Amino acid sequence: MYFNANDVTSFMAQKEFIDTAIVPLVSVDLTSEKMKQSGTEADFLLSLTSFIEQQFKGRLLLMPPFSYSATLKDEEMPKQLEAQLHNAGFKHVFFITCDHSWTNIGDEVNIIWLPAIPLESMDKGVKSSILEDQLRQLIPILSTKWAQI
């Protein structure tokens with residue numbers, strides 16, 4: 001489910017089954033040296049989280065991406081957002097990012113870091129295969145957390 005009017009209405013009616021929120025953390029760097037890499041990371045992250053949503057539809061809600069620049073990055077933001085999502089009824093909250101620095105904020109928040117894979121030049125079949133491989137790596141992480149509660 002996506003964070004849109006129709007899916008949120010479904011979420012409200014089925015809260016007991018939809019216990020997980022996924023939040024993409026997207027770094028936006030507009031300097032000429034890093035803009036393309038930033039776009040590659042955003043493309044990969046949004047493609048992957050959309051693929052995760054398709055595979056686990058009815059189990060999770062994909063939140064809009066949280067975009068930030070280096071100057072606006074706030075390490076308290078995931079903690080605050082996680083608390084709000086827990087208050088809204090989500091038992092599990094996962095932040096997925098290509099920005100490795102988020103892994104330094106500790107174990108208080110479920111941050112999943114993945115290196116960005118450039119998808120822009122791949123045909124649909126290869127892109128789908130890459131996303132499936134990435135999902136296979138994420139399933140044990142998600143399953144372990146889901147089994148804890």
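Could you check, for the stretch 4-21, whether at least one of its residues is hydroxyl-bearing (Ser, Thr, Tyr), assigned to a loop (DSSP other than H, G, I, E, B) and open to solvent by 70 Å² or more (accessible area, probe 1.4 Å)? Checked the stretch 4-21: no residue is hydroxyl-bearing (Ser, Thr, Tyr), assigned to a loop (DSSP other than H, G, I, E, B) and open to solvent by 70 Å² or more (accessible area, probe 1.4 Å). Could you say whether any residue in the stretch 49-68 is under 17 Å from Val93 (Cβ atoms) and β-branched (Val, Ile, Thr)? Scanning the stretch 49-68 turns up at least one residue that is under 17 Å from Val93 (Cβ atoms) and β-branched (Val, Ile, Thr). Here Lys57, Lys36 are screened, and the one residue that is out of contact with any strand residue (DSSP E or B) (no Cβ under 6 Å at 6 or more places or on another chain), closer than 25 Å to Thr9 by Cα and of a type in the set (D, E, K, R) is Lys57. The stretch 55-149 holds strands (runs of 3 or more DSSP E) entirely within its bounds, and those carrying 1 or more residues that are within 17 Å of the chain's Cα centre (by Cα), hydroxyl-bearing (Ser, Thr, Tyr) and under 20 Å from Ala21 (Cβ atoms) map to 66-68, 92-97. Can you pull out the residues in the stretch 87-97 that are open to solvent by less than 80 Å² (accessible area, probe 1.4 Å) and out of contact with any strand residue (DSSP E or B) (no Cβ under 7 Å at 6 or more places or on another chain)? Scanning the stretch 87-97 gives Ala88, Gly89. Restricting the first member to the stretch 96-113 and to residues that are without any contact (Cβ under 8 Å) to a residue 60 or more places away in the chain and farther than 15 Å from Leu48 by Cβ, and the second to residues that are among the aliphatic types (A, V, I, L, M) and assigned to a strand (DSSP E or B), the beta-carbon pairs closer than 7 Å and six or more apart or on different chains are Thr103/Ile111; Ile105/Ile111; Asn110/Val93.
The values are calculated or read from the model by the stated rules, or taken from the named source; none is laboratory data. All of these numbers come straight from a predicted model, not from anything done at the bench. When we count neighbours, we look across all protein chains shown, and the Cβ atoms used for this are built from the backbone with ideal geometry, even at glycine. Just the protein is used for accessible areas: all its heavy atoms, side chains included, with ligands, DNA and RNA removed. Shrake-Rupley method; radii C 1.70, N 1.55, O 1.52, S 1.80 Å.
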